[in-house]
Structure formats: structure tokens, C-alpha cells
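Okay, so here's the structure we're looking at.
Only the coordinates and a few stated rules stand behind these numbers; no lab work does. Keep in mind that this is a model prediction, so the values were computed, not measured. So basically every Cβ, Gly included, is an ideal-geometry build from the backbone, and we count neighbours across all protein chains shown.
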């Protein structure tokens, strides 16, 4: 069973983190394309563009919480509006360095968020997420 | 005149003429032959006419009397002597007259009639009185005749026994009326003795009348003897029930008085003029803790407290002069205990002379001590009322002032109202600030509700005073409102500490927020670095070549620098919160502005920033120098950092005074902040909020903490795309 996905998006403003995550995903040959967006707004804009062009939507999104312009929570609200009750088919993982239980609880309250993972994301974690995502798809 | 009757003696004539009676002599034809002086007077006063000899008597007789006169006159002419009594009644003087008709004979022939009218009123009245007296005393008579063997009872005797007048009397049946038992035996014995010895008797015995009433009677008996033998027994019989009752009443009342004396709840005693006890009742002995025999004949003096002897003696002397007197004094018992008594001295007067002193003493020790206690507790209550820290005004239901204490008065005066006065009405608004007026209070109080509010009085001299005002309804047994108690409690101290508490609460809240921020810093900023280090280390371990290793080492260096910077910033935050006794002094703002622009010189030149300084050269604030340096640097660098790319950045520095507080304005024409979206994050510990990846989000957070630590605050106004204005309020 292939665990390789087509598109994985990373929405995070920590450049070092995105660099390292991208490198890990490439090493694992997790997907064909990795797209990085520096904040929620850029992520949403990209989603809108893909929907408009009937392009490929990401199967998996790693979403940070603390970002400027539009944070992770705001992104989720916008994502809900965009989906308008429909499943856009993306599995969203909140990946944050925060170990605050408040953030974890908040993440659980959104059904759009599949799970909350604390950074750094190990290769093993990525593997299991890929497996799950592939199965879902 | 005398000649017609022949030898009429002058003396007889004189008697006739001067008789107290009215005398007429009429001939057979009823003409007046003679009349005496009184007759003339009588007729004159009766008929208003002067009498003339030879006149018909009819001239002087009232028509009513004619008929009876004729009858009597003609009877007399036929030889009868007539004497009759006439009662002429008039309301003032009830008169009795005796009228006698006397035939006058001459040669065995009746030739004339004399009429004599005598005033018998006095006799008649005396008679009547006798009758009345007899009736009242009800003395009857009785007799037993042993010769003729007859008994007789007078009508009164029969009346006493309630027998009809015609009751046939027998001696023995008489005895049967005496009450069976002792009374009957006594009378029988008395009669037997009388018959044997001739000795009389006088007995007070009870009799049962024919109608069954029991009455007291007095039976007196006397004997009449003939040849040594009693032949007749007679005497009186009298109803003495009333007398007896009076006597019994007397006996009873004597007992009453005796028991009144002996059983009197008060101590009662009599003293002779030498203050020696001549009679003492049991309670007096009890009061004196002695006995009646021990007290009798002894002096009152030892019972009198030494310090009161003078007063007591003076009062005794007054009583000896006939004056009744009542007073309180001490009393020393035989056992030496002191009691408080109320004593009333009355003189005992016999034949107008005070012979002794009667005294009634009441032990009032308890009531005195109770009274003292009551007075004491009343005084205590009053003292409490006057000296309590709470002001009280007692009001009637209609807000009439019954009483108030000093604190209440002070409160009213501090409000600038006219002083409270008893019996005056508390008018108008009770509390102007809340416009709680008497009507509202009354309405609530009438419904049994308390009215409570706080009142703040600003005073010129001292600090503000805070009062807690409560109107309590005072209810009676039927839940009716009897009055209102207004309670005024000065709660300034409490209020102040409450305000202080609020302040510290806010401070704590702030500190808590900072702590939350701090934990945020830990969870986000520090964690992000450590998570990156962890990742890099993984890559280092798995590095396939030297080139990759070197790249990772470079990343590690960068992370290390970022971590160092974050820790430095954290240290700044912690140091603010630890600077307990921070120095502050007047600082010239200009100095610190130039310091900051010096540091930012490169960027200012690069971005061609205009600094428009409207501050006066000597504008100074009382602040900590290090804090001010950090604040100026942060705000200016932010203003430069978030400058608008389409226009030349202008930073305006200005100041104004708000409510005595110095306010520094730092305004820019930069990109602005969407406060609605990011306002809450603005001073929080976020990395960035403007999309500027090199922004130091920590800066504002630190500034805010520093300003607040110095007792000031920061406000922000901003419009996206147009600029931001920060206002720093210095304490």
C-alpha cells in the first residue's frame, strides 16, 4: 500500500521549522508536492485559487497556531466558510510548539481539526499520519 | 255681758277671754253670742272678716264645712257632746285641730252651744313620734297570769313573730318559737328559774318566726309575787336582728382590723412617744429579723441606721405633731443587715391628743436595687447609644425625630443639613445623591423592608467619608410599624480598604495576566526554539554528507542566537516584575528621545524618517531612567518598522495633561493595526502581528509592563493603512 500523497501544505511562519519539515517530508518521499504558506491568509488565498481553478486540494495540512495576519484559529474559521459544510477533503493537523492545554482543548473543539501535534514532528509521527491519511483517501 | 249669765266670776271670764283655744258660743239659731280673743283672730285669719256679735256663724264657715257643722251642731242641741279631731294638711305645716261641741244648759234646757277649737298639733306629733319609735324599736309586750291562767301578747310581739293579730296565744306555744336547741333550752330554764325564785331575766336569743325567718330577739322577763309565789310573769319582747347585725358587723370589723394588722403584707407597728414598740405585727418582726415579743417594749432606735437617725427622728417629731408622713430610709435588722424601707408614719390620736405613732413599713430593698439596676442598665444603654461608633436616629413612622446620638448629628451636619432636633420632622431628601427620599424609605419600611445604601460625602478638609445608611423598620406585636431606626455607620476605613483591595485585585489580575503571558512565552517562543533544535539534531545525526552537516550547524547557530535573544527579552520581563524598589526621578524626555534616535540612526536615515518633536525642551517626567530608555526605543523603533511603504514616515511626539496626568503621544503615519482583530494581541507576547517577520512582538509587552509598574498606562488608537497613535500616561 502506497502512503505517498499528492499534495501536502504547511502553513507556518517559522522558516527554520518549514525548512526542516519540508526536508523530512522529502526524505520520506511523502508526497509529490509540498507547499508552504507563511500565514493563514496566504493558505486560504491558495485554497480559494485551487477551488476556482479546480486544481488539486491538499490531502494533508500542517497548520501552525501563532502566525501574524491570520492565525491558525482564524484559518479554521475561514476554512469552514469555504467548505460551507462540504468536506474539502483535506485532513488538517494542528502542529504547534505550544504545550498549552488550552490550545489543545481548543483544537479538539473544531471537528475540522484531525489532531493536535506538538512540534517538533518526528519522522515516525509523519509516517503514521501519512498512513492514516492514505487510508482515509 | 257678764250680767246675762248672772254671777260670772271675773277670773273665769278672764280665763275664757285669754284661753289659748278658740271659743265661740252660738245660740240655737247659730248666731254668735260670745267669742274670745283667739276666736276673733282665728276668724279674721281664716275668713278675712271681723267678727260681730249676733252675726250668723255661717258668715264665717267655708261652704265645704257647712254640712258637717250642721250635723254636729244639731247633735249637740239634742244633748250630745261631740269632740272630733281635724287634720288640716298643708305642705308647710301639718296642723291638727281638736273641735269640741258642748251644749250649754240653762234650767235643764239647752240654750246655746259652745264650740272650742284647740291646736293639738304638738300633741298629735308627739303621739305619732311615739308610734314611730315603737315601730322602729319594735318592742312588744307579753304577760302570763298564773292566777287567771291567761297569756297575752301585744300586737308588736305578734308582728315580730310574724303572726296575725288574732292569733290565739298559749304560753307554751310561745316557747316553741324559740330556735330549737340551745336558745329554746335557755328560755325554758330562765322561766323555770323565774317561777321558782322570782328572779327576772334578760336574754338575747334566736327565734324562728311563723314564716320561718330566723331573727334575733331580746326577751326581758319580770315577776310579780304574792305570798312568796310568782303569780304573774311579764316583760318585753324585742326584735334585735338589726342591732345584732350591727354588733356582728362590729365584731367582724374588729376581726378585720385585727387581721389587717396581723396579716398585713407590710410591716406594721406602733410606737409610743418614746419610740418604744407598743404593737408589732409578724411582718414587722420578719422585717426586723426579730420576734414580736423581743421587739415589744423595746426602742426603735437600734433599727435606725446611724447616718439617718436625724432624719428619722425629725419625721417622728412631725408625726407627733399630728402630721402623716411617708419617706424612704435605711433599716438595720436585729441581725445587723441593712434593708431599704419605705415607711409611713401616722399619728394615733385619742381625744385630740397624739398618743402614739402608727407605722407601716415596706421593704423596698429589692425594688431599690432593681431600680438602681434599671437606672444603671438604662444609663448603660444610653452610654452605648451615645458612644457607639454608629450613628442612630430614632424616628416615628412619620419621620418625627424621637432621639439621636452624637454621631448621627455629626453625619447630618457633614451633609450640610440643618441639625437634628427632637420632636421635629426629618424632612426632604434623605440622600440627595441617590434621591432616596423619605417617601421611598417609608414605603419600604412600611412593608417591613430595610433600606440600605452607601453614601459618599466629599469633604474639603479630610478625606472623603463613606457611610452605610440603613433604615430599619421597628415592628410591634401585630407587625405594625412602630417606628424607624436610621443607622449611620462610617465605613470609610472599610471602604478604603475595599478600594485598596480592588486595586490590589486589579494588580494581581495584571500580574496573573503577565504570568499567563509568561507561560505563553514559554510554550510558544522557547518551545519553538527547542523543537527546532531537536529537529536539527535529528538531521545532524542522519546527515549523509559534510555539506549537509555544515548546513545544519549553521541552522543550529541561528536557533541558538534566537534562543539567546528570547531569553534576554524574558529576562527583561522578569526583571521588571522583580524591580521592587525601583528608583525614579525627574527625567527630561528630550534626552531620552535623542538617545533612542541615536540607536535607530541607520534606519531613520535609510527610511528618511521625519521626527516631529513638539515637546518642550524642559518637559520632564518622574520615571525610572532604564525603563524610559527602553520605552522610547521600543515605540520609536516600532513606528519606523511599521512605516507605510508608500509614504515618508513621520513620527510626531507631543504631550498633554489629562486630569492632572502627563500623557506622552507617539503618533506615526504607518501601516496601522487592525485593533479589532489584533487589539488583544497587541501587548501580548506574540511573535509578530504585522506580517513583518523581524518584528519584536515582545517590545510592546515589555513597555506595557514597565509603564504599568510605574503606575501608568498605555492606550492605543489606530486605523489600518493610516497610522497608529500610542498614548503613554505617566503617574
Residue order, fewest to most beta carbons within 10 Å, for B:396, B:217, B:122
B:122, B:396, B:217
Cα long-axis angle, helix B:365-387 against chain B (0 to 90 degrees, to the nearest 10)
30
By what distance, in whole Å, do the Cα atoms of the range B:264-368 stretch along each of the three principal axes, largest value first?
38, 27, 24
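Classify the range A:1-130: rounded, prolate or oblate, from the alpha-carbon gyration tensor (a ≥ b ≥ c, eigenvalue square roots; a/c under 1.5 rounded; otherwise prolate if a/b is larger than b/c)? Intermediate values should be presented prior to the final figure.
Working: a/c = 1.39, a/b = 1.05, b/c = 1.33.
Rounded.
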Can you put B:327, B:101 in order, fewest other beta carbons within 10 Å first?
B:327, B:101
Taking other Cβ within 10 Å of each residue's Cβ, how do B:537, B:394, B:653, A:47 sort, fewest first?
B:537, B:394, B:653, A:47
Nitroxide proxy distance, nm - points 7 Å out along Cα→Cβ at residue A:49 and residue B:125
15.7
Helix B:37-47 versus the longest principal axis of chain B: what is the Cα-based angle in degrees, 0 to 90, to the nearest 10?
50
Summing -39500 (n - 2.57) over every DSSP H run of at least 4 residues in chain A and dividing by its residue count gives a helix-only mean residue ellipticity at 222 nm, to the nearest 500 deg cm²/dmol, of -14000 deg cm²/dmol
I need the shape label for chain B. Rule: rounded when a/c is under 1.5, else prolate if a/b > b/c, else oblate, with a, b, c from the alpha carbon gyration tensor.
prolate
Helix B:698-709 versus the longest principal axis of chain B: what angle, 0 to 90°, nearest 10, using Cα atoms?
40
Based on alpha-carbon centroids, what's the gap between the range B:343-403 and the range B:465-514 in Å, whole number please?
40
By the gyration tensor of its Cα atoms, with a ≥ b ≥ c the square roots of the eigenvalues, what is the shape of the protein assembly as shown: rounded for a/c under 1.5, prolate for a/b over b/c, or oblate?
prolate
What value, in deg cm²/dmol to 500, does the helix sum -39500 (n - 2.57) over DSSP H runs of n ≥ 4 give at 222 nm once divided by the residues of chain B?
-13000 deg cm²/dmol
Nearest-0.05 FRET efficiency for residue B:468 and residue B:717, computed from C-beta distance (R0 30 Å)
0.15
